[in-house]
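Worksheet: the structure to be examined is printed underneath.
The values are calculated or read from the model by the stated rules, or taken from the named source; none is laboratory data. These numbers were taken from a predicted model, which means no experiment stands behind them. Please note: Cβ atoms are built from the backbone with ideal geometry, for glycine as well, and neighbour counts cover all protein chains shown.
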Amino acid sequence: MFQTQNDISTINKFLTISKPSKELTNDFIIILSKSPNSYLQELLKEYDKKYTPDLYSTIKKSLSGNLQNLILSLFTPLIDFDCIQLRNALEKIGTNEEILIEIISSRENSVLKLIKEKYSEMYKGRDLIKDIKKETNGSLREYLLLMLEGKKNYNTEFNQSECEKNAKDLVQAMDKMWGNENCIFNKIFCYKSPLELSIICREYHKLYNFTLLKTIDNEFSGNNKKFLNLIISILICPSEFFARKINKAVKDIWKDEKALIRVLISRRYVDLVQIKLYYRQLFKKNIIDDIKDNINGIFGNIILEILKN
């Protein structure tokens, strides 16, 4: 049972007391980690009615760094969160194509529709399609725009002969698979379901004696190689991709807390259970143990509680 007034009082005390007690800190962590996003939106509204300054301003004043980023993200509606990540990726010097690919490739058609609408609402005078046209180019731009049309298939059945034909098309169009307008890769990967793409990759292997990823490693370089590997990994098995993403964010010498926040916020209500299973399978270790070993403080404790729940 949620207790709105008690919870906003706890949040206010934690943010305004110079040295919160261990018990208060724990209560704050539990509220943030166990509450669904819809309830956190309710707390945000009630907090702003009762206290001045508002919650966002108080968080920004009281906290800093990754902890501030995490708390603000938890109180942000999920569609708004995606829009913020996309805008940040587009507006900085040197567009962050990897974040564009990560978000647009891993969201379902209905979510992409909401993102396009909300983006224009949040950033007056801007349009996500136009911004992507301006800030990207070539086959990547075509891929992102096709994905944003929201016509991807999510069927759980497949046509074997059609998958075989798609695999042959990829083999025959090797030099034109990516890097030009109307490339064969986009025609296939922007519309097929994860199951169909898995079958196409299997049939490709049979025909060519190389996996598609191996072919990309051999035939492409630089950004084209990076983008293709990223797209295929996300589209075929997003849960496995995000398990690897978390591992890299946590275990690298230069930890990527922003990526860790982005993954946990965006996948928390989608496939976090599957991500944890893939993590154990891939790295032979519980994801919670790796977080304990590599991420500390209140930031790390909130991440741990989110994963436990």
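Selection of segment 146-159 for residues being of a type in the set (K, R) and surrounded by fewer than 14 Cβ atoms within 10 Å (Cβ to Cβ) yields only K151.
Quick one: count up the residues across segment 90-132 that are in a helix (DSSP H, G or I), of a type in the set (K, R) and either surrounded by fewer than 14 Cβ atoms within 10 Å (Cβ to Cβ) or in contact with a Phe, Trp or Tyr (Cβ under 8 Å, 6 or more places away or on another chain) (or both). Step through it out loud before you land on a result.
Taking segment 90-132 as the starting set, the residues that turn out to be in a helix (DSSP H, G or I) are 90-91, 97-106, 109-122, 128-132.
Then keep just the ones that are of a type in the set (K, R); that gives 113, 116, 118, 130.
Now restrict to residues that are either surrounded by fewer than 14 Cβ atoms within 10 Å (Cβ to Cβ) or in contact with a Phe, Trp or Tyr (Cβ under 8 Å, 6 or more places away or on another chain) (or both): 130.
Total satisfying the criteria: 1.
Residues that are surrounded by fewer than 17 Cβ atoms within 10 Å (Cβ to Cβ), modelled with pLDDT under 95, part of a loop (DSSP other than H, G, I, E, B) and under 30 Å from the mean Cα position of the chain (by Cα) within segment 160-195 comprise G179, N180, E181, N182, listed in sequence order. With respect to the conditions (1) over 30 Å from Q3 (Cα atoms); (2) free of Cβ contacts under 8 Å to residues at least 60 places away in the same chain, Q85 lacks only one, and its number is (2). Taking segment 1-28 as the search range and keeping residues that are farther than 18 Å from G297 by Cα and not polar (S, T, N, Q), which one is farthest from the chain's Cα centre (by Cα)? The qualifying residue farthest from the chain's Cα centre (by Cα) is K13. Contact annotation: residue pairs with Cβ atoms under 7 Å, 6 or more positions apart or on different chains, pairing a residue in segment 142-160 that is touching a residue at least 24 places away in the same chain (Cβ under 8 Å) and on the phi > 0 side of the Ramachandran plot with a partner that is surrounded by 14 or more Cβ atoms within 10 Å (Cβ to Cβ) and not in a loop (DSSP other than H, G, I, E, B), are G150/N109; G150/L112; G150/K113.
Of the candidates L15, L24, L72, the single residue that is crowded, with 18+ Cβ neighbours inside 10 Å and at pLDDT 95 or above is L15. Within segment 146-175, the residues that satisfy the criterion of being within 21 Å of I101 (Cβ to Cβ) and of a type in the set (K, R) are K151, K152.
Restricting attention to segment 199-225, and to residues there that are surrounded by fewer than 17 Cβ atoms within 10 Å (Cβ to Cβ) and under 21 Å from the mean Cα position of the chain (by Cα), which single residue is farthest from I236 (Cα to Cα)? If we take residues in segment 199-225 being surrounded by fewer than 17 Cβ atoms within 10 Å (Cβ to Cβ) and under 21 Å from the mean Cα position of the chain (by Cα), then N223 is farthest from I236 (Cα to Cα).
Residue count for segment 94-114 under the criterion of being without any contact (Cβ under 8 Å) to a residue 40 or more places away in the chain and under 13 Å from the mean Cα position of the chain (by Cα): the result is 3. I31 passes every criterion in (1) in contact (Cβ under 8 Å) with a residue 12 or more places away in the chain; (2) farther than 16 Å from I302 by Cα; (3) surrounded by 14 or more Cβ atoms within 10 Å (Cβ to Cβ); (4) of a type outside the set (S, T, N, Q) apart from (2).
On the given criteria, is K276 buried (at least 16 other Cβ atoms within 10 Å of the Cβ), over 19 Å from S64 (Cβ atoms), of a type in the set (K, R) and without any contact (Cβ under 8 Å) to a residue 40 or more places away in the chain?
Numbers: buried (at least 16 other Cβ atoms within 10 Å of the Cβ): yes; over 19 Å from S64 (Cβ atoms): yes; of a type in the set (K, R): yes; without any contact (Cβ under 8 Å) to a residue 40 or more places away in the chain: yes.
For K276, the condition - buried (at least 16 other Cβ atoms within 10 Å of the Cβ), over 19 Å from S64 (Cβ atoms), of a type in the set (K, R) and without any contact (Cβ under 8 Å) to a residue 40 or more places away in the chain - is met.
For segment 34-69, the set of residues classified as surrounded by fewer than 16 Cβ atoms within 10 Å (Cβ to Cβ) and either closer than 15 Å to G297 by Cα or touching a His at 6+ places or on another chain (Cβ under 9 Å) (or both) consists of S64, G65, Q68, listed by residue number.
Note on segment 1-11: residues that are touching a helix residue (DSSP H, G or I) at 6+ places or on another chain (Cβ under 8 Å), surrounded by fewer than 16 Cβ atoms within 10 Å (Cβ to Cβ) and not hydroxyl-bearing (S, T, Y) total 2.
Only one of the numbered conditions (1) under 18 Å from the mean Cα position of the chain (by Cα); (2) at pLDDT 95 or above is violated by D127, and that is (1).
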